[in-house]
1. Sorted by accessible area with a 1.4 angstrom probe, largest first, how do Asp347, Asp230 fall?
2. Just read off the accessible area of Phe204 with the full protein assembly in place, 1.4 Å probe, to the nearest 10 Å².
3. Pulled fully out, how much extra length does the chain show between Val271 and Phe226, if you take 0.36 nm times their separation in residues and subtract their Cα-Cα distance?
4. What pairs from Lys199/Lys266; Lys199/Lys277; Lys112/Lys224; Lys44/Lys217; Lys44/Lys242 go past 19 Å between their alpha carbons?
5. First measure r as the distance between the Cβ atoms of Asp311 and Thr135, then evaluate 1/(1 + (r/R0)^6) with R0 = 45 Å and state the FRET efficiency to the nearest 0.05.
6. Students often forget the sequence filter, so: which aspartates and glutamates lie under 13 Å Cα-Cα from Lys39 once same-chain residues fewer than 8 apart are removed?
7. Sequence neighbours fewer than 8 away in the same chain don't count; with that in mind, list the aspartates and glutamates whose C-alpha is under 20 Å from Lys387.
8. What longest range of the chain stays clear of loop-exposed GluC sites (Glu not before Pro) (DSSP non-H/G/I/E/B, at most 11 other C-beta within 10 angstrom)?
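The values are calculated or read from the model by the stated rules, or taken from the named source; none is laboratory data. As the structure is a computational prediction, the values presented were derived from the model and not from experiment. Cβ atoms come from the backbone with ideal geometry, glycine included; neighbour counts cover every protein chain shown. Surface areas here come from the heavy atoms of the whole protein model, side chains and all, with no ligands, DNA or RNA. Shrake-Rupley method; radii C 1.70, N 1.55, O 1.52, S 1.80 Å.
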Amino acid sequence: MANDARKIANEKEVESNGPIYVTQPYLPPLEEFIPYLAKIWETKQLTNSGPYHRELEKRLCEFLGVEHIALFTNGTIALVTALQALRVTGEVITTPYSFVATAHSLLWNGIKPVFVDIDPDTLNLDPRRIEGAITPQTTAILPVHCYGRRCDVDAIQAIADIYNLKVIYDAAHAFGVRDPTRSLLSFGDLSVLSFHATKVFTTFEGGAIVCPDAKTKQRIDHLKNFGFVDEVTVVAPGINGKMSEWNAALGLLQLKYVDQAIARRKKIDAVYRQQLKDARGIRCLRYSDGASPNYAYFPILVESEYPLSRDDLYRELKNQNIHPRRYFYPLISDFPMYRGLPSAHRDNLPIASRIANQVLCLPMYPALREADLERIVTLVARRSRTKKK
Ligand SMILES: Cc1ncc(COP(=O)(O)O)c(C=O)c1O
């Protein structure tokens with residue numbers, strides 16, 4: 001194994017009999033981070049668009065193949081700011097099948113979420129159901145590229161064009177995902193990334209907005225800095241959403257390793273698919289044709305032919321110290337602040353409701369040991385051959 005690849009696999013750090021979580025952040029070698037810190041200590045520039053911040057924006061544009069990026073302190077503040085930047089109001093159509101921050105960003109802007117059901121194959125917002133949910137108050141669509149799987153961006157844009165709606169993608173899971181010819185992040189009016197510790201590319205906490213033009217980026221840069229344009233001019237009730245130099249420095253170092261980390265994820269994905277392909281009642285989700293995925297998650301659907309319910313399998317794995325996650329259960333629409341909305345009714349969301357009860361995200365991270373991977377697939381596959389209780 002080449003040196004760098006060994007650093008990625010990081011196998012020694014994980015005890016084979018320790019807990020196996022759904023994810024584990026990839027961290028670069030500490031000694032490589034120290035010089036970055038030394039420079040911060042030397043310059044004393046800790047935040048407010050310092051040199052690392054500016055460099056990371058530039059390098060991310062190159063890496064992701066996009067024109068403009070504004071870095072943020074986390075993905076949630078980036079989502080809240082993206083909605084502000086486009087002056088979205090009224091009602092926004094979104095998916096119930098996501099992390100709760102997607103819909104929370106609407107409530108933080110005083111916007112009413114309107115939940116629309118998902119497609120049973122992609123688990124993303126189903127474009128065929130969007131038109132039926134549009135009202136005179138609708139101003140935007142907020143889809144999620146769930147697990148980094150591409151939304152039907154063309155169908156969504158066609159609807160947005162007809163009804164003059166903005167499209168903001170929650171692309172928190174979609175770092176580095178490419179369509180056949182271009183970055184997935186270049187669709188819609190804006191795309192929002194998260195660099196949280198659980199993500200393919202992490203800066204501990206962090207996020208970004210991918211913007212189509214310099215003018216939009218400038219507005220976003222003002223909004224993330226309290227609305228300041230210069231020392232004495234404030235043009236908007238902005239927030240403090242700035243990424244610090246520390247996080248930006250880590251991001252620069254992470255970029256060196258992210259391709260290798262994704263390559264290792266790809267291998268794990270292939271093992272899961274191969275070993276689970278004959279497991280009765282286990283469905284692995286397909287990637288869309290031509291896309292280059294980032295292998296951020298490995299979701300399986302535990303269907304009725306499997307001898308155990310999803311929750312029984314979840315508990316059985318936990319008893320073995322393997323900790324998958326039921327992303328996304330409960331649905332956002334089932335949380336107390338949303339369930340009173342007419343669109344949150346389960347009859348409106350039959351597919352999302354079913355999938356939320358079937359899904360299990362299996363451990364997926366670059367340092368997942370082969371022996372542990374083997375143990376997980378053996379447990380899941382062996383159970384598929386037992387009798388239903
Ligand atoms: C789909 C989705 N949207 C938004 C967020 C929020 O990002 P952050 O944790 O960086 O605030 C996350 C995850 O953390 C997410 O998974």
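1. Greatest to least solvent exposure: Asp347, Asp230.
2. Counting only protein heavy atoms, the figure is 90 Å².
3. Stretched fully, the Val271-Phe226 segment lengthens by 11.4 nm.
4. In this structure, Lys199/Lys277; Lys112/Lys224; Lys44/Lys217 exceed 19 Å between Cα atoms.
5. Working from the Cβ atoms, E equals 0.75.
6. Qualifying aspartates and glutamates at Cα under 13 Å: Glu245.
7. Asp278, Glu303, Glu305, Asp311, Asp312, Glu316
8. Of all site-free stretches, the longest is 16-230.
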